[in-house]
Amino acid sequence: MLRSAEVSAVLVVPDGPFHNLRWASRVEFTLDCFVCERTGRTAVLERGAERGVCSGGGTHGPHHAPARIAAYDHTSEPGRTTLHAVVDFWWAPFEDAADDGRALAPTRAPWVRLHLGYLCPRDHDGGSFSIQTNAVRPVLTRCRHCDAPLAESHEVPRVRLRP
């Protein structure tokens with residue numbers, strides 16, 4: 001069955017030099033993978049790729065995951081930026097091959113990591129960072145070049161299964 005999940009995150013952008021903060025085209029998302037029949041696997045998804053990569057487990061190493069980034073956008077307004085992605089994934093019921101758990105869509109504990117990039121105006125050099133659901137908040141990220149504050153995460157990124 002094809003399912004979709006909406007992922008969204010809001011970041012506070014402190015005053016300071018403009019660093020051209022942007023979404024970096026990568027999402028890591030927890031799925032119950034029917035290919036390797038393991039629950040709670042991390043799927044790495046890249047914008048434009050038709051499939052992701054599942055972390056696998058046990059004797060199954062990384063393998064193709066039936067998931068992709070179906071849509072995304074990044075909006076900015078004074079003092080904040082919002083990241084939004086839609087992840088499509090195929091899902092089928094199964095019993096976990098190792099843990100006797102039952103697969104769910106989405107997984108029992110949805111986890112997501114969103115990757116961002118920026119350009120330091122002082123050093124004219126890029127950098128990257130990520131935000132994820134299981135971080136202690138608030139999280140303040142600084143430029144690795146000039147130490148200016150880039151973004152602060154006050155809220156956990158939201159994961160919502162689409163009907």
In this structure, does Asp147 turn out to be in contact (Cβ under 8 Å) with a residue 40 or more places away in the chain, open to solvent by 70 Å² or more (accessible area, probe 1.4 Å) and over 18 Å from the mean Cα position of the chain (by Cα)?
no
Among the candidates Val35, Val10, which residue alone is in contact with a strand residue (DSSP E or B) (Cβ under 9 Å, 6 or more places away or on another chain), farther than 16 Å from Arg108 by Cα and at pLDDT 95 or above?
Val10
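Residues to consider are Ala70, Ala135; find the one that is in contact with an Asp or Glu (Cβ under 7 Å, 6 or more places away or on another chain) and either modelled with pLDDT under 95 or not acidic (Asp, Glu) (or both). Spell out the reasoning first.
On the way: Ala135 fails: in contact with an Asp or Glu (Cβ under 7 Å, 6 or more places away or on another chain).
The match here is Ala70.
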Asp125 free of Cβ contacts under 8 Å to residues at least 40 places away in the same chain, over 28 Å from Thr59 (Cα atoms) and not hydroxyl-bearing (Ser, Thr, Tyr)
yes
When Pro138 is run through (1) under 23 Å from Ala5 (Cβ atoms); (2) open to solvent by 20 Å² or more (accessible area, probe 1.4 Å), the failure sits at (1)
From the list Ala49, Ala92, Ala65, Ala103, which residue is under 21 Å from Cys33 (Cβ atoms), modelled with pLDDT of 90 or more, among the small types (Gly, Ala, Ser) and touching a Cys at 6+ places or on another chain (Cβ under 9 Å)?
Ala65
Take the residues in region 13-39 that are in a strand (DSSP E or B) and open to solvent by 40 Å² or more (accessible area, probe 1.4 Å), then tell me which one is farthest from Ala148 (Cα to Cα).
Arg26
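The values are calculated or read from the model by the stated rules, or taken from the named source; none is laboratory data. Values in this document were obtained by computation on a predicted structure and should not be read as measured data. Heads up, the Cβs are rebuilt from the backbone with ideal geometry, glycines too, and the neighbour counts pull from every protein chain shown. Ligands, DNA and RNA are stripped out before the accessible areas are found, and what is left, the full protein with its side chains, is counted by its heavy atoms. Shrake-Rupley method; radii C 1.70, N 1.55, O 1.52, S 1.80 Å.
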